[in-house]
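Below is one structure, written out as structure tokens, with a few remarks after it.
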Amino acid sequence: RRGDQNSGVLALQLELNNAGYGPLLLDGNFGPATEHVVMDAQKALKQQVTGAAPRRLLAALGLEDAPEVRARRVVQSVWDRFSEEILDACMEHGVAAYDATALLSAESGLMGTWKPGLPVLRFDAERFRQHVPPDIFDSVFRVDDVHRVRNEQTGEWHITHSGRQDLEYFALSAASVHGIHAAYESCQMGAAMIPGSAYKTLGYATALDMFVGFGDEREQVRGLIAYALSQPGEGTQWAGYAAVKYPERVDAFRAYLSVLREASVVVAES
């Protein structure tokens, strides 16, 4: 229920995304955004709309299935949607298809757009602070135990990292007034939350171009693989990269990898 923070919430968020009710950021925090999506799922499944996730909803989402069954469901969904991009990346970078698919599966099944053409965002006010004078920053943002953005019309302060994408986009808009390039470089974009400052690594001219490109989830797939390969000391060691980037999801990543390697052996033998 709302206020919970644990691995069970993380699993719930992943399955809500996989079932098409998201996108939700995979943070293990049952905040207002997760509650809203839970209510959407309950309405669609004709269950009592409470905003909490009882056993009946968990069962409908497959959360009571065996872990290997859930893993197969996730990787099948990713492969069905992105097999062309995965195979292209394998040819370009020389990585195994099952490794790349497992990596993509760990990223919420690549549910990376909020609305058509708009990637999921997280605005990093701390990074933006480095690009503008202190008085300008303090007039728009507050960073203490939580991050807040000020509505200059009403004077109200809103918490940005509450899971609500409209507030993340509002923070981006407020920052853009004071420096459009700095604003987009201060965003983390898409399912993988790749920083806008990595735009050159991914072959974009600007962070804004990266934002526009990431409005297409297929571009996010290409971007994630290129970004993972660019990380120092990791290269094609996907399991090592996943262990560092997703410490709370290592078991799930290993399950995806196991399912895929098993499938690749079956294909090779046949």
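A short reminder: the numbers here are calculations on the coordinates, not readings from a lab. Quick caveat: nothing in here was measured; it's all calculated off a predicted structure. Cβ coordinates were reconstructed from backbone atoms using ideal geometry, including for glycine residues, and neighbour counts include every protein chain displayed.
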Q. With the Cα gyration tensor of the stretch 44-153 giving a ≥ b ≥ c as the square roots of its eigenvalues, does the rule (a/c under 1.5 for rounded; else a/b larger than b/c for prolate; else oblate) give rounded, prolate or oblate?
A. oblate
Q | Segment LYS46-GLN130, length gained on full extension (0.36 nm per residue, minus Cα span) | A | 25.4 nm
Q. In nm, to one decimal, how far is the ILE159 label point from the ARG56 one, both placed 7 Å along Cα→Cβ?
A. 3.0 nm
Q | Extension gain from SER139 to ALA66, taking 0.36 nm per residue of separation minus the Cα-Cα distance | A | 21.2 nm
Q | Volume in Å³ per residue [convex hull over Cα atoms, computed for the stretch 53-103] | A | 76 Å³
Q: With label points built 7 Å along Cα→Cβ from the Cα atoms of LEU118 and THR206, find their separation and express it in nm.
A: 2.0 nm
